[in-house]
1. Work from the charge dipole of the stretch 350-642 (Cβ charges, +1 for Lys and Arg, -1 for Asp and Glu, about the Cα centre) and give the residue of Ile517, Ser623, Asn424 farthest towards its positive end.
2. If R0 is 45 Å, what FRET efficiency do you get for Asn622 and Lys346 from their C-beta distance, rounded to 0.05?
3. Residue by residue through the stretch 197-208, which ³J(HN,Hα) values in whole Hz follow from phi under the Karplus form 6.51 cos²θ - 1.76 cosθ + 1.60 (θ = phi - 60°), with glycine and proline marked x?
4. As I understand it, the dipole of the stretch 350-642 uses +1 on the Cβ of Lys and Arg and -1 on the Cβ of Asp and Glu, about the Cα centre. Which of Pro474, Ala638, Phe563 lies farthest toward its positive end?
5. Please list, in chain and number order, the residues 5+ apart from Val196 or on another chain whose amide H is under 5 Å from its amide H, with Hs placed from the backbone.
6. Quick one: what are the phi-derived ³J(HN,Hα) couplings along the stretch 40-57, Karplus 6.51/-1.76/1.60 with θ = phi - 60°, whole Hz, x for glycine and proline?
7. Place a +1 charge on the Cβ of each Lys and Arg in the stretch 350-642 and a -1 charge on the Cβ of each Asp and Glu, then give the dipole magnitude about the Cα centre in debye, rounded to the nearest 20.
8. Please check which bits of the stretch 14-58 a label hung off Arg85 would reach, taking the label as a point 7 Å along Cα-to-C-beta and the cut-off as backbone N under 18 Å.
Amino acid sequence: SHFAPLALAMGTLTWRDVKYTVRTKNADGNHNGTREILRGSSAYASPGRVLAILGPSGCGKTTLLNALSSRLDVKRGNTLVGNIRFNGTALNRDSRDVALSYVEQEPKFFSNLTVRETLELDARLRGESDADARDVVEATLRKMSLMSCADTIVGGDTGGKAVAGISGGERRRLAIASETLGLGSDAQSSGLVVLVDEPTSGLDAFQADKMVDKLVELAERENACVVCTLHQPRSASFAKVHDVLLLASGGRTAYHGPSDAVVKYFSDIGYECPEHFNPAEFLIDLVSVDVGDGADGTDTETKTRQRVERIVECWEKRAGGANDKTISVHGAPRKPPESREVAIKKPPGPFRQFRLLAGRAWRQAKREMWVNGVRMIASVVLASAFGSCNFKLGLGPRSVKRRIAVLMQACINTSMLALVKSLNGFPRERATVRREMARQNGGYKPGPYFLSKLLIETPIDMVFPVVFGGVMAPMVGLNKAGRKMFLSTLALQSAAAASLGLSISALSPNAEVALAIGPCVMVLNIMLGDASGAFAEVPDALAPVSKLSLIRHAFEGVLCSEFEGLVFEKHDTDAKSVANASKPRALKIAKRFGEGIAPRTGEDVLRGLGLPISGHARRAANSQCKVIALNIAVTYVALVCKRG
């Protein structure tokens, strides 16, 4: 083994023979075998030092980080084996003798919060008091060079619209600050492990170099084990990291040791780095396989594969040698730092988590002025269009069919606007929430988050259908006596559609899939929503399923609110009362209205539709609440099952 146990300081992260295998699929989606992503990776990261993982694309750099942080998918036939330890104890998310932080490659935040607000919330979720949180955040802003953008919104597409915010470099520094906030700051803990995935990706050379500076400062200031993957670092950045782990294909180790010794090591085995050449690029080129043919027609793939195999064999032979040689390769052992307690405070309880997350939800929602403005304008414009097309229907018997049509259209319109908003926004927000819930320290439970979201967003969602109905109803000439119930039913309908969008989004892998599934589900709700038969008969076999349709209960509710107590004018015809006729289904009733059999009261219409003539609007509202509760339960279960 190339490990030297006596040379490893307290606070060292080690891993031995880590192997990760995934099941592969063919073009038809059928499993056709397995693929090894990591093949026996072994190395260690020392406290107070930065270990940079280098290698070509697809060699398993990010997979190794995910393995170290217990984030790999080990279901559906995927397997992970190996020993990952910190101070000789198995490391996982539940470890309490180490603060483990993971910084994603593309970190997402709530777009309408400022940098300061984001960090203050993180500090409070880690158990800091309000006063201490402000002090910790101020210190962190200075350490991470974020003071200039402290009061700038983060930006991104977490909300309903992508908004401009801080730069890419500032976002990466914010991500590191967010994941390490307050950890070890009071105790200079030797129990801090920070894993950073591609912190320089997408940044210009200057910003990338500054990012490496911050990682080195973090490691040395907090005595932390910092492990990061780097993609094409510049020479200056490479010289700043303390140690290098070079991976070939399959996660096989080609070198592990001090960065200032790597060039000499490869020179000793016959691979001389050209003068004035970036060592990082030289190393990555050495362990990369060229699958094309050379300019002279030579088989470069075979040649490069042979070179990579030789490099891996040389390292395995070197690493498997005497311990004395191993120590010289990995540098002289450092004096073990004094063991200290990890500065992890007791996290807040569910009620405080709820209060903190509700505050964030309110800030996020109230600052979505553009989105809310568009929703308000759309509500007014659509209501005006509906009202113009059905202006002042009057109280003639022939207005019955048009009233029923307008009510159905109002239910569908209200549902679609609320549904699309949820389908578009929640999957993007969920990515941020999953990252936060997965934190070892400072994470929160799905319950407080979901309840805070519902508390803040549901009343806002209900405003728009009320505006829509308030503009449309007087233009159309709907029943004034049932106006409050009509608006209440539309408000509940919006909440029901939003909850349906949440459940679909929670079950979907991303926003694109949710937006594809959502309208299809809504069409089914519309098809099954007319149990009264005003437009189409629902087959008896599907009648029980129609009770799950949010359109059905809203439609029945607005029908009752409209027709209860309504009295029609006879005009110039002596129309027969529907009450004296038999009770056919509503489609037949509508035909008879055109043939001269006209209702005298709204109750006649409700009888013809097979609906109770009194109190059914409230029963329909109760059914809407049950649909909302069902979708909320589905969403919550999905969040719990998919967390992390």
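Only the coordinates and a few stated rules stand behind these numbers; no lab work does. Bear in mind the structure is a predicted one, so any value in this text is a computation, not a measurement. For neighbour counting, all protein chains shown are included, and Cβ atoms are generated from backbone atoms with ideal geometry for every residue, glycine included.
1. In the stretch 350-642, that residue is Asn424.
2. My answer for the efficiency is 0.60.
3. Whole-Hz 3J(HN,Hα) from phi for the stretch 197-208: 9, 6, x, 9, 5, x, 9, 6, 4, 5, 5, 5.
4. Projecting each Cα onto the dipole axis, the largest value belongs to Ala638.
5. Val103, Val227, Cys228, Thr229
6. x, 6, 9, 5, 8, 10, 8, x, x, 9, 9, 9, 9, 9, 10, x, x, 4
7. Using Cβ point charges on Lys, Arg, Asp and Glu, the stretch 350-642 gives about 780 debye.
8. 14-19, 40-47
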